[in-house]
There are 2 protein chains.
Amino acid sequence: MAETSSAGVGQAPLSGTDRTRLRRISEEGRTDRAELHAVLAAGFVCHLGVVLDGAPMVVPTVYGATADTLYFHGSVASRSLVAAPDATVCVTVTHVDGLVLARSVFEHSVNYRCAMVYGVPRLVTDPEEKLEGLRVLTEQTAPGQWDYARRPNRKELAATSLLALDLTEASVKISEDPPEDGEGPDAALGIWAGQLPLRQNWGTPVPDPVLPAGIPVPAHIVGRTF
Amino acid sequence: MAETSSAGVGQAPLSGTDRTRLRRISEEGRTDRAELHAVLAAGFVCHLGVVLDGAPMVVPTVYGATADTLYFHGSVASRSLVAAPDATVCVTVTHVDGLVLARSVFEHSVNYRCAMVYGVPRLVTDPEEKLEGLRVLTEQTAPGQWDYARRPNRKELAATSLLALDLTEASVKISEDPPEDGEGPDAALGIWAGQLPLRQNWGTPVPDPVLPAGIPVPAHIVGRTF
């Protein structure tokens, strides 16, 4: 898979540290910041990896990304953050786009887009950045809700811990190709081969059972698409 | 959220070790093996967490689960397995079921099902178990393909590393409730609240560009549903 040639967003290319330099499937590695941001923008749940008592712990959590920072709630990482407040984390965002169905089981694979970000998150304490970070996280998870729902008050802000991770050490892998055994001897087997796409879609909004009648579903909720 | 009372599948309940005993959101914790297996059976991509040079690394990979074992490819973990062959891993499987849209931003959340499994994986060397493990992994990822596609030959089996993780130390969290601010003061704000479901669906199969004409798409591919 060729490297892309898009110019990014005027920022430095993704760093190539020892752990983000792709080894096994280098043709799937991308080094462009625009691709990182595209993968991050396409989702709202990441898998956060931390080390706790020497063992890994991987938890899903919502995030929001700006051009240079990934924000996520501190509560999900509280155990590890208490244990090691300056420890490196790994945040992985994955979109599974479909199955690659080959003639042989051995050549089966998955098409996906994946971003991995490493770094030591910092606790956001500046009130302005905290509010802005929560806005970014909210708008990535539920676009339109920051302006529609009631925003956090002083007490709620104090009860929320927000972490910020610099988007400096990151890697992106994208796999989007058809099966690779179409030119080999297995092509003569008469076995169907191709891709089975996997898609996500938003369903019909389900009102809270205690919602009073007469409150319409806002357009940004009922009309949400991927 | 109440604990379920289903009886499981005749096995021991999930272990409650220090790291799988849920702390922060205990009402979402389930302890039933049937719930673990239901979450594992509903997907085929996990996020594998390992510790490499003291830092976490989280990579997505396909898996297959039996009643007592989770199988995954060793290649994705090769860097860490070389570095620490007896090290603990954390395998997390997450299904995002939708957004919980509350009256206040603070009460927004995500409905999800998540299983976390900890353990030290073993490399599968027994040929019979390796073939069976690959069958389980293949059938979970692409049901029907083990019998339809060409199975691995001796050379391909040798080139494949398969890891097995016992399903003994695991936890399950399920969040499926409506917003929690429907009875509080924010209910008077006239803001719509409820759930926005998120679903996955398989698209139309896309034939390999080099697939000869006349090979039909098998029913197990074209008819796949969640």
*Give me a count of the residues in segment B:156-170 that are under 18 Å from B:CYS90 (Cα atoms) and assigned to a loop (DSSP other than H, G, I, E, B).*
2
*asked:* Condition (residue is among the polar types (S, T, N, Q), facing chain B (nearest Cβ under 10 Å) and closer than 21 Å to B:VAL105 by Cα) applied to segment A:147-161: is it met by at least one residue?
replied: yes
*Any idea which residue in segment B:83-102 is nearest to the other protein chains (Cβ to nearest Cβ), counting only those that are farther than 26 Å from A:LEU198 by Cβ and surrounded by fewer than 22 Cβ atoms within 10 Å (Cβ to Cβ)?*
B:THR88
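Quick one: how many residues across segment B:207-223 are facing another protein chain (nearest Cβ under 7 Å) and part of a loop (DSSP other than H, G, I, E, B)? It would help to see each step written out before you state the result.
From segment B:207-223, those facing another protein chain (nearest Cβ under 7 Å) are B:207-211, B:215-218, B:221; that's our starting set.
Now narrow it down to the ones that are part of a loop (DSSP other than H, G, I, E, B): B:208-211, B:215-218.
Qualifying residue count, segment B:207-223: 8.
Within the group A:VAL124, A:VAL117, A:VAL105, which residue is within 12 Å of chain B (Cβ to nearest Cβ) and out of contact with any Pro (no Cβ under 9 Å at 6 or more places or on another chain)?
Working: A:VAL124 fails: within 12 Å of chain B (Cβ to nearest Cβ); A:VAL105 fails: out of contact with any Pro (no Cβ under 9 Å at 6 or more places or on another chain).
Of A:VAL124, A:VAL117, A:VAL105, the one residue that is within 12 Å of chain B (Cβ to nearest Cβ) and out of contact with any Pro (no Cβ under 9 Å at 6 or more places or on another chain) is A:VAL117.
Return the residue satisfying two criteria in turn: it lies in segment B:162-186 and is small (Gly, Ala, Ser) and out of contact with any Asp or Glu (no Cβ under 7 Å at 6 or more places or on another chain), and of such residues it is farthest from the other protein chains (Cβ to nearest Cβ). Walk me through it before giving the result.
If we filter segment B:162-186 for residues that are small (Gly, Ala, Ser), which is where we start, we get B:164, B:170-171, B:175, B:182, B:184.
Next cut, out of contact with any Asp or Glu (no Cβ under 7 Å at 6 or more places or on another chain) only: B:164, B:170-171, B:184.
Working: B:ALA164: 18, B:ALA170: 13, B:SER171: 11, B:GLY184: 11 Å.
Going through the qualifying residues, I end up with B:ALA164.
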*Considering every residue within segment B:25-40, establish whether at least one is of a type in the set (Gly, Ala, Ser), modelled with pLDDT under 90 and touching a helix residue (DSSP H, G or I) at 6+ places or on another chain (Cβ under 8 Å).*
no
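A quick yes/no check of all residues on (1) under 30 Å from A:LEU123 (Cα atoms); (2) crowded, with 20+ Cβ neighbours inside 10 Å:
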position: A:LEU165; (1), (2): yes, yes
position: A:PRO179; (1), (2): no, yes
position: A:PRO185; (1), (2): no, no
position: A:GLY194; (1), (2): no, yes
position: A:GLN200; (1), (2): no, no
position: A:GLY203; (1), (2): no, no
*Name, by its number, the condition in (1) in a strand (DSSP E or B); (2) touching a residue at least 40 places away in the same chain (Cβ under 8 Å) that does not hold for B:ARG199.*
(2)
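For A:GLU139, indicate whether it is closer than 19 Å to B:ALA102 by Cβ and under 17 Å from the mean Cα position of the chain (by Cα). Spell out how you get there, then give the answer.
Values: closer than 19 Å to B:ALA102 by Cβ: yes; under 17 Å from the mean Cα position of the chain (by Cα): yes.
For A:GLU139, the condition - closer than 19 Å to B:ALA102 by Cβ and under 17 Å from the mean Cα position of the chain (by Cα) - is met.
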*Does any residue in segment A:57-75 that is on the phi < 0 side of the Ramachandran plot and in contact (Cβ under 8 Å) with a residue 60 or more places away in the chain come within less than 6 Å, Cβ to Cβ, of a residue that is part of a strand (DSSP E or B) and small (Gly, Ala, Ser) six or more places away or on a different chain, and which pairs are these?*
A:THR69/A:ALA164; A:TYR71/A:GLY64; A:TYR71/A:ALA164
*Considering only segment A:167-216, state which residues are more than 21 Å from B:ALA213 (Cβ to Cβ) and among the β-branched types (Val, Ile, Thr).*
A:THR168, A:VAL172, A:ILE174, A:THR204, A:VAL206, A:VAL210, A:ILE215
*Which numbered condition A:THR204 misses (of (1) modelled with pLDDT under 95; (2) in a loop (DSSP other than H, G, I, E, B); (3) more than 18 Å from A:GLY98 (Cα to Cα); (4) within 26 Å of the chain's Cα centre (by Cα))*: (1)
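So, in segment B:185-196, how many residues would count as being out of contact with any Gly (no Cβ under 8 Å at 6 or more places or on another chain), hydrophobic (A, V, I, L, M, F, W, C) and in a loop (DSSP other than H, G, I, E, B)? I'd like the intermediate steps shown before the answer.
Let us first name the residues in segment B:185-196 that are out of contact with any Gly (no Cβ under 8 Å at 6 or more places or on another chain), namely B:185-192, B:194.
So of that shortlist, the ones also hydrophobic (A, V, I, L, M, F, W, C) come out as B:187-189, B:191-192.
The next check asks that each one be in a loop (DSSP other than H, G, I, E, B); those that pass are B:191-192.
The total comes to 2.
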*Name the pairs whose Cβ atoms lie under 9 Å apart, with the first residue in segment B:132-145 and surrounded by fewer than 23 Cβ atoms within 10 Å (Cβ to Cβ), the second of a type in the set (Lys, Arg), and 6 or more positions between them or separate chains?*
B:ARG135/B:ARG151; B:PRO143/B:ARG224; B:GLY144/B:ARG224
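The values are calculated or read from the model by the stated rules, or taken from the named source; none is laboratory data. Since the structure is predicted, the reported quantities are computational estimates derived from the model, not experimental observations. Glycine also receives a Cβ, built like all others from the backbone with ideal geometry; neighbour counts cover every protein chain displayed.
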